[in-house]
Amino acid sequence: MKIIITGCGKIGTTITSCLASEGHDLVCIDDDAEVVNEIVNIYDVMGVCGNGADSDTLTEAGVESAELFIAVTGSDELNMLSCFIARRMGAKHTIARIRNPEYNDEKGLGLMRRELHLSMAINPDLMAAKELENILKFPSAVNVEIFSGRNFEMVQIRLKPNSALDGMSLSEMRKKYDAKFLVCVVQREDEVFIPDGSFVLKSGDKIGLTASPSEIQKLLKMLGILQKQARNVMILGASRTAFYLAKRLLLVGNTVKIIEKDKQKCAEFSNLLPGAMVICGDGASQELLLEEGLETTDAFVALTGMDEENILISIFASTKNVPKVIAKVNRNELASMAEDLGLDCIVSPKKIISDIVTRYARALENTIGSNVENLYKIMDGKAEVLEFSVQSDFEYVNIPLKDMHLKSNILIAGILRGKKIIIPAGDDVIMPGDNVIVLAAGGRMQDLLDIIK
């Protein structure tokens with residue numbers, strides 16, 4: 001599929017990397033010749049130097065034959081204009097990054113999407129805030145992925161030293177703990193496993209559990225690792241992500257304290273978020289953090305624009321036994337380093353957006369029988385979990401799962417039938433109208449048929 005991406009910053013480069021690995025025919029546009037040369041040298045893509053809203057540049061990129069046009073420059077207005085012109089020149093689908101809070105209220109965004117014929121508007125900061133909110137609601141987890149309108153979750157947890165599950169096989173775990181759940185993936189150091197019943201867990205493993213929210217809470221309570229929902233939250237940095245997160249937390253009655261050293265940003269946040277306490281000061285100062293109650297807060301979230309600062313101050317917060325510590329880290333190499341240093345919970349806006357765009361591109365390629373509803377890359381990108389909606393013409397309906405010959409490293413992790421949640425066993429079947437959760441390690445799926453040998 002031919003895809004054009006304009007804007008090759010952090011988000012654009014990450015999207016390019018993901019879509020290039022999927023085998024798409026990519027053209028990247030940027031007004032910086034050095035950036036274009038670098039991305040062309042790294043990835044198997046074509047590059048065009050120019051303005052993504054210029055018709056001559058778009059013609060050179062071949063916009064008239066583009067299936068998908070993605071605008072992720074640093075300017076919301078340029079992104080919207082680029083998509084509008086690209087659509088008029090023949091691009092079939094368009095996606096624009098729109099970050100400004102003034103554009104992101106429901107009424108205004110809906111109007112722009114209709115008038116500009118946008119297929120999708122994406123906001124990395126808002127998406128990151130939603131992910132952070134999910135984690136703060138469920139602080140026992142290092143990550144939470146949600147399917148089918150919050151009816152079904154995949155929760156990733158890290159097994160601590162002396163965990164009750166250390167040395168226990170999955171079959172023993174199912175017998176011991178009376179909850180409807182499935183351990184569907186395990187990451188041990190750099191290896192990812194789709195485990196069977198004989199698989200033995202070890203401390204340090206990162207495991208992925210699928211179940212309904214109530215069943216996961218029940219299991220974690222029995223394991224003695226269920227933490228209460230974070231109500232008192234300290235946020236470092238008055239970034240856009242911090243704004244969206246604080247707004248969402250205040251709406252549900254949480255206490256929010258924001259620390260920022262820029263006086264102008266502090267004034268803006270005080271006006272925009274009257275329910276939050278905004279402290280003007282250097283969050284890198286350990287004394288200031290302690291004075292502002294770091295040791296008694298439920299959660300600390302580092303959201304400055306510097307990955308290194310987020311990591312270092314989060315590590316300090318961890319040493320003060322803050323129950324939940326989360327750091328925003330965009331650079332992959334720093335994210336893995338942060339985990340090695342003991343930070344389990346890392347959020348990356350560019351990863352969230354690349355997952356959304358990858359899902360959309362795969363949905364455009366769907367064959368008959370199913371549609372991609374959700375896609376998440378998990379376990380450091382070594383596995384994928386997808387949600388498919390099953391159509392009436394899917395050829396394997398009403399066949400017991402035990403009689404379906406699934407490819408290796410593929411697992412059906414859940415079946416959602418209306419409000420019913422099925423943790424699948426061999427006698428279960430897939431029916432039209434179901435939503436099916438599939439996990440794949442080391443492979444790529446764009447259609448539910450891809451699970452069959």
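The values are calculated or read from the model by the stated rules, or taken from the named source; none is laboratory data. As the structure is a computational prediction, the values presented were derived from the model and not from experiment. Glycine gets a Cβ as well: all are built from the backbone with ideal geometry, and neighbour counts include every protein chain shown. Side chains are part of the model used for accessible areas, which takes the heavy atoms of the whole protein and leaves out ligands, DNA and RNA. Shrake-Rupley method; radii C 1.70, N 1.55, O 1.52, S 1.80 Å.
The requirement of being within 30 Å of G52 (Cα to Cα) and either surrounded by fewer than 18 Cβ atoms within 10 Å (Cβ to Cβ) or within 20 Å of the chain's Cα centre (by Cα) (or both) is satisfied by N104. Filtering the range 115-128 to residues that are surrounded by fewer than 21 Cβ atoms within 10 Å (Cβ to Cβ) and part of a loop (DSSP other than H, G, I, E, B) leaves H117, S119. Looking only at the range 33-54, decide whether some residue is touching a residue at least 40 places away in the same chain (Cβ under 8 Å), crowded, with 16+ Cβ neighbours inside 10 Å and within 13 Å of V357 (Cβ to Cβ). For the range 33-54, residues touching a residue at least 40 places away in the same chain (Cβ under 8 Å), crowded, with 16+ Cβ neighbours inside 10 Å and within 13 Å of V357 (Cβ to Cβ): absent. Consider the range 168-225 and keep the residues that are among the hydroxyl-bearing types (S, T, Y) and part of a strand (DSSP E or B). The one that is nearest to L343 (Cα to Cα) is T210. For beta carbons closer than 7 Å, sequence separation of 6+ or different chains, a first residue in the range 137-163 that is farther than 18 Å from V186 by Cα and a second that is open to solvent by less than 30 Å² (accessible area, probe 1.4 Å) and in a loop (DSSP other than H, G, I, E, B), the qualifying pairs are P139/A230; N151/S212; F152/S212.
Whenever a residue of the range 182-205 is without any contact (Cβ under 8 Å) to a residue 40 or more places away in the chain, its partners that are open to solvent by 30 Å² or more (accessible area, probe 1.4 Å), lying with C-beta atoms within less than 6 angstrom and at least six residues away or across chains, give the pairs V186/F193; G197/S171.
When L58 is tested against the conditions (1) outside any helix (DSSP H, G or I); (2) touching a helix residue (DSSP H, G or I) at 6+ places or on another chain (Cβ under 8 Å), the lone failure is (1).
Residue-by-condition table, conditions (1) among the small types (G, A, S); (2) open to solvent by less than 30 Å² (accessible area, probe 1.4 Å); (3) more than 16 Å from the chain's Cα centre (by Cα):
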| position | (1), (2), (3) |
| --- | --- |
| R113 | no, no, yes |
| K130 | no, no, no |
| E133 | no, yes, no |
| N143 | no, yes, no |
| D166 | no, no, yes |
| K175 | no, no, yes |
| D178 | no, no, yes |
| K206 | no, yes, yes |
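Scan the range 84-101 for residues that are of a type in the set (A, V, I, L, M, F, W, C), under 17 Å from L364 (Cβ atoms) and over 26 Å from the mean Cα position of the chain (by Cα) and the total you get is 2. Looking across the range 331-347, the residues that are open to solvent by 20 Å² or more (accessible area, probe 1.4 Å), closer than 30 Å to M120 by Cα and not in a helix (DSSP H, G or I) come down to R331, I346.
Listed by position, the strands (runs of 3 or more DSSP E) enclosed by the range 231-324 that each have at least 3 residues that are open to solvent by less than 20 Å² (accessible area, probe 1.4 Å) are 232-236, 255-260, 299-302.
What strands (runs of 3 or more DSSP E) completely inside the range 349-453 contain at least 3 residues that are open to solvent by 40 Å² or more (accessible area, probe 1.4 Å) and within 23 Å of E145 (Cα to Cα)?
Values: elements: 370-378, 383-390, 410-417, 420-422, 435-441.
The qualifying strands (runs of 3 or more DSSP E) are 370-378.
Residue count for the range 69-101, restricted to those that are in a helix (DSSP H, G or I), open to solvent by 10 Å² or more (accessible area, probe 1.4 Å), touching a Leu at 6+ places or on another chain (Cβ under 7 Å) and in contact (Cβ under 8 Å) with a residue 60 or more places away in the chain: 0. Number of residues in the range 145-164 that are more than 20 Å from S198 (Cα to Cα) and either open to solvent by 20 Å² or more (accessible area, probe 1.4 Å) or modelled with pLDDT under 90 (or both): the value is 12.
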